[in-house]
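Report on the structure given below.
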Amino acid sequence: MLKERNNEREITILSLVFLVIALFIIVRLLILQILQHDYYSLFALNTHEIYQKLYPARGSIYFRDARGDKEYPAAVNRGYYLVYAVPQDIPKDKITEVGDKLSEIFGFVEEDKAKLLEKLSKSDDPYEPVEKKVDEATWEKIAALNLPGIYKASQKFRYYPETNLASNILGFTGESENGSLVGSYGLEGYWNKELSGKSGFLAGERGALGSWIASAGRTLVKAEEGRDLVLTLDRSVQNKACAVLKKGFEEYKAKSASLILMNPKTGAVYAMCSYPDFDPNNYSKVKNLEEFNNTNIFTAYEPGSVFKPITMAAALDQNLVNPNTTFQDPCERKIDGFTIKNALKKCYGRITMTQALENSVNTAMIWVQEQLGRGRFQDYVKKFGFGEKTGIELNTEVEGNISSLEKKGKVYGAVGSFGQGLTVTPMQIATAYAAIANGGKMPRPYVVAEQRYADGRKEKTEPRIVENVISERAAKLLTGMMVSVVENTYTARVKLDHYYVAGKTGTAQIPGKGGYTEETNHTFGGFFPADDPGFVMVVKYEAPQREWAESTAAPTFKEVAEFVLKYFAVPEER
């Protein structure tokens with residue numbers, strides 16, 4: 001009896017074991033055959049299936065007309081031909097003739113012509129590329145010659161219809177090893193994944209001779225084409241702003257130049273220019289890689305006096321000063337063994353805070369920073385976004401460097417109060433000034449207004465406030481002070497006949513080995529119309545051959561501002 005019970009128990013346990021194993025196999029088959037079918041089908045391609053990758057079309061990029069619904073292509077795909085040779089199809093007595101005629105059409109120099117003849121002379125070679133990106137008209141010239149062994153293959157390349165316009169913002173594309181387009185720099189680099197789309201595949205059984213087995217079926221997953229991007233950049237404003245900046249860049253013989261124009265309420269960028277620039281259609285011809293960089297976001301520098309409104313904003317926000325607070329200028333300050341003076345060694349006597357900004361008084365800014373205290377001053381510098389990236393969706397943005405404010409010694413806070421010893425980008429200055437113009441609320445800058453998916457969906461960028469930096473009261477007080485700077489100091493260089501501009505210049509010596517050099521960076525930052533700011537702009541020239549920013553960056557600012565106000569038909573203030 002006991003033996004029978006033991007047998008029954010063993011049979012029960014064994015049955016349960018087999019049941020668990022069977023359930024495990026069923027679940028595993030379910031996962032393999034249904035849930036992970038595609039994965040394991042692809043995993044087996046090397047043994048019994050054919051795999052053909054399908055490449056999607058890269059998304060296009062468009063400028064727009066901010067006043068209406070018009071759009072203009074900035075980066076699109078364009079059909080070209082690859083001209084190639086099959087040397088084994090070229091008779092030996094025709095090699096020189098073929099080489100001469102192709103060289104003439106393509107404009108090859110002697111060195112390139114020699115290389116071509118060497119390729120054509122490989123009698124057993126089935127393929128040699130001759131020239132990429134050949135347009136239809138050029139191919140028709142070649143076809144008319146009826147050259148033996150010369151053929152074409154269709155290719156898709158990236159095409160930039162506006163050539164250099166916004167090249168530092170757009171970036172460019174090159175080819176990967178598998179022939180697909182890969183973006184570098186600017187929008188092409190930052191948005192490469194979205195622009196590229198998703199590759200598809202075609203898979204099916206193959207027989208011993210490599211042919212398709214019709215009865216085995218095929219799996220086709222279509223490629224998902226890349227997204228199109230519609231930019232906030234207005235084509236007309238971009239054209240005008242960049243033309244004016246380029247004129248100054250060349251006239252002042254500057255090493256680089258940058259300009260940003262954005263909406264301080266939303267952060268939408270209407271124009272962004274950077275020189276030197278390049279033609280993205282021919283990016284391989286660029287000899288200096290620095291030409292690829294967008295100086296607005298890549299080139300951090302010591303801003304100088306254009307930074308002073310930031311120091312004043314912090315003190316106004318803390319109610320430590322007001323526009324009429326007086327200050328007795330000591331003419332110079334000795335701090336930690338360093339002697340700090342005003343520009344041109346000037347001394348101003350008793351002045352108000354407004355006059356301190358108007359005359360760009362270094363000693364006054366040091367005093368304001370001391371009222372704040374080093375800790376609070378550093379906190380406000382960070383709140384205004386310095387020392388970190390703005391988050392604009394472009395490749396190569398840098399965060400600048402404000403680490404000097406963490407060093408021991410009072411001198412670092414003192415010189416930081418008037419924009420020395422720390423580095424920022426023009427984009428950061430524009431965003432900080434946007435916060436002042438927008439009642440203390442700092443927007444996140446952006447250049448992509450809308451993404452368009454292959455299935456017809458559209459995704460618009462929603463403006464976002466990233467920080468409430470100062471109170472609305474402090475922002476209004478500072479705006480009035482900055483208007484006074486323009487009205488009473490720069491007069492004809494920036495002052496507009498029918499609008500008020502709030503702004504500030506910065507002329508800062510460029511640091512070098514062992515101290516500061518004689519070269520300077522020139523910046524003008526401001527916003528307008530001052531009563532209800534719709535635009536904030538920053539203009540910067542690196543090492544121009546002029547003495548002060550009010551004779552370089554300021555006139556550029558004025559010319560662009562006059563065009564923008566007329567273009568957008570902004571009602572006059574006065």
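FYI, it's all coordinate maths here, none of it is from the lab. Note that the coordinates shown come from a computational prediction; the quantities given were computed from them, not determined experimentally. When we count neighbours, we look across all protein chains shown, and the Cβ atoms used for this are built from the backbone with ideal geometry, even at glycine.
Quick notes
- Taking packing as the residue-averaged number of other Cβ atoms within 10 angstrom, the listed peptides 519-527, 436-444 run from highest to lowest as 519-527, 436-444.
- Mean residue ellipticity at 222 nm, helices only, the chain: -10000 deg cm²/dmol; runs of at least 4 DSSP H residues each add -39,500 (n - 2.57), and the sum is divided by the number of residues.
- Spatial separation of Cα centroids for region 265-303 and region 381-417, in angstrom: 21 Å
- Size of charge dipole - region 297-384 - debye, nearest 20, with Cβ of Lys, Arg +1 and Asp, Glu -1, no other charges: 100 debye
- Here the label points at Arg464 and Leu289, each 7 Å from Cα along the C-beta direction, are separated by 3.1 nm in the simple model.
- Computed about its Cα centre, the charge dipole of the chain is approximately 1420 debye, with only Lys, Arg, Asp and Glu carrying charge at their Cβ.
- Total charge dipole magnitude, region 232-567, about the Cα centre, Cβ charges on Lys, Arg, Asp, Glu only, Debye to nearest 20: 400 debye
- Helical segments meeting 18 Å axial Cα length and Kyte-Doolittle -1.0 threshold in the chain (DSSP H): 2-30, 235-251, 472-485, 553-567
- Measuring nothing but how far apart in sequence close Cα pairs (under 8 Å, 6+ apart) lie, relative to its length, the chain scores a relative contact order of 14 percent.
- Most positive-pole-ward Cα, Gly186, Tyr490, Gln355, against dipole of the chain from beta carbon charges: Gln355
- Remark on the chain: Rg and Dmax equal 32.5, 117 Å (Cα only).
- Each label was represented as a point 7 Å from its Cα along the Cα-to-Cβ direction; for Ile25 and Glu118 these points are 6.5 nm apart.
- Sites Lys341 and Glu110 - FRET efficiency at Förster radius 51 Å, r taken between beta-carbons, to 0.05: 0.25
- Ordering Tyr159, Gly79, Thr299 by the projection of their Cα atoms onto the charge dipole of the chain, which places +1 on the Cβ of Lys and Arg and -1 on the Cβ of Asp and Glu, puts Thr299 at the extreme positive end.
- The distance linking region 438-501 with region 55-107 is 42 Å (Cα centroid to Cα centroid, whole angstrom).
- Extension gain for the segment Lys132 to Asn282, taken as residue separation times 0.36 nm less the Cα-Cα distance, is 52.8 nm to one decimal.
- Distance from the alpha carbon centroid of region 341-366 to that of region 166-193 works out to 48 angstrom.
- At most 14 other Cβ within 10 Å, DSSP loop - GluC sites (Glu not before Pro), region 115-178: Glu177
- Members of Lys265/Lys495; Lys346/Lys504; Lys193/Lys441; Lys441/Lys558; Lys198/Lys460 lying beyond 27 Å, as alpha-carbon distances in this model show: Lys193/Lys441
- Taking each residue as 0.36 nm, the span from Glu487 to Phe568 lengthens on full extension beyond its C-alpha to C-alpha distance by 26.8 nm.
- When the P(r) of region 417-537 is calculated, the portion above 24 Å amounts to 41% of the C-alpha pairs.
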